[in-house]
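J.: Here it is, the structure, as structure tokens.
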Amino acid sequence: MKDFTTTSFGLIIAYLLPGLVTLFSMSAWSENLRRIFRTLFSAQVDAGLLVSVGGCALVLGLVLNVFRWVTFEKVICKKYRVAPNIFSQSAGDQRLQSFLMVIEETFRYHQFYGSIAILTPFLYLSWLRFFEIPLMNDPVFLWVTFMFIMAEFFFSWLPYEAECGATEVEWIVAVCRLRWLRTGARAFQLIVLLLYSLELKYHFGSLAGRYKTLAVTVAFTFGGIAVGANAMAAQRRYSERANNLVGG
């Protein structure tokens, strides 16, 4: 039971679950996938189908993990690094076992949150494909929504980086010294949301009948940002614990 909770569970949440979410979201574009998932949710499922779906989900999870690695470990969280020679410094079975425990209890969660954060825009498109098909063919709506998501991400990420105080980017260091500017970044989140709502009202003529779309879009946007923030926090905790373990 210990091996399952510390190793198998970590691998499941790091690779299999994100892959399953990806596979399910792809069913918005594939009737065959929808039929497969309907079978899975019924009493007619067999072991062969479960193995096939699990294998495809695992492959998708591994591919998605590559994008997570590039996005978080090489760009966003590159300052939260673990020493390259950490394994050679983890001499002794007890210290190595402790380091592996740190991986399972922190890094696996970073992998899960990071993969889901990257997948969020695709999940949003899948929702549009399921419930708002006409909007998928509306380039103005898609571009305005894309700009809204990017703006909200930026004004959410900037205060987070400033508060962490570990950034190496000079202009963010300057923001760290200006409290009013950090507060202004949070205020801009509300301003961007208001501008987005006004733009949708101008584009559609009225927001009547579009409140659901607006609410879901905002939920996906801030939900994705929250998941991404959890991924960054988990990566930071993993880096700190791993480096402190070896340093200690």
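Each reported figure results from applying straightforward, stated rules to the coordinates on display, with no laboratory input. These numbers were taken from a predicted model, which means no experiment stands behind them. In this analysis, Cβ positions are derived from the backbone assuming ideal geometry, glycine residues included, and neighbour counts consider all displayed protein chains.
J.: Show the residues, 5+ positions off or on another chain, whose built amide H is closer than 5 Å to the amide H of D138.
T.: The answer is none.
J.: Quick one: what are the phi-derived ³J(HN,Hα) couplings along segment 67-74, Karplus 6.51/-1.76/1.60 with θ = phi - 60°, whole Hz, x for glycine and proline?
T.: 5, 4, 4, 5, 5, 8, 6, 9
J.: What is the order of I13, I149, fewest Cβ neighbours within 10 Å to most?
T.: I13, I149
J.: Using θ = phi - 60° and the Karplus curve 6.51 cos²θ - 1.76 cosθ + 1.60, what whole-Hz ³J(HN,Hα) does each residue of segment 208-223 get, with Gly and Pro shown as x?
T.: Running phi through 6.51 cos²θ - 1.76 cosθ + 1.60 with θ = phi - 60° gives 4, x, 10, 5, 5, 4, 4, 5, 5, 4, 5, 5, 5, 5, 6, x Hz.
J.: Residue by residue through segment 192-207, what is 3J(HN,Hα) from phi via Karplus (6.51 cos²θ - 1.76 cosθ + 1.60, θ = phi - 60°)? Round to whole Hz and write x for glycine and proline.
T.: Taking θ as phi minus 60°, the curve returns 4, 5, 5, 5, 5, 5, 5, 5, 5, 4, 5, 5, 8, x, 6, 8 Hz for segment 192-207.
J.: Same structure again: How do V63, V227 line up, fewest other C-beta atoms within 10 Å first?
T.: Least crowded to most crowded, the residues run V63, V227.
J.: Starting with the fewest neighbours, write out D46, D138 ranked by other beta-carbon atoms found within 10 Å of each beta-carbon.
T.: With the fewest neighbours first, D46, D138 line up as D46, D138.
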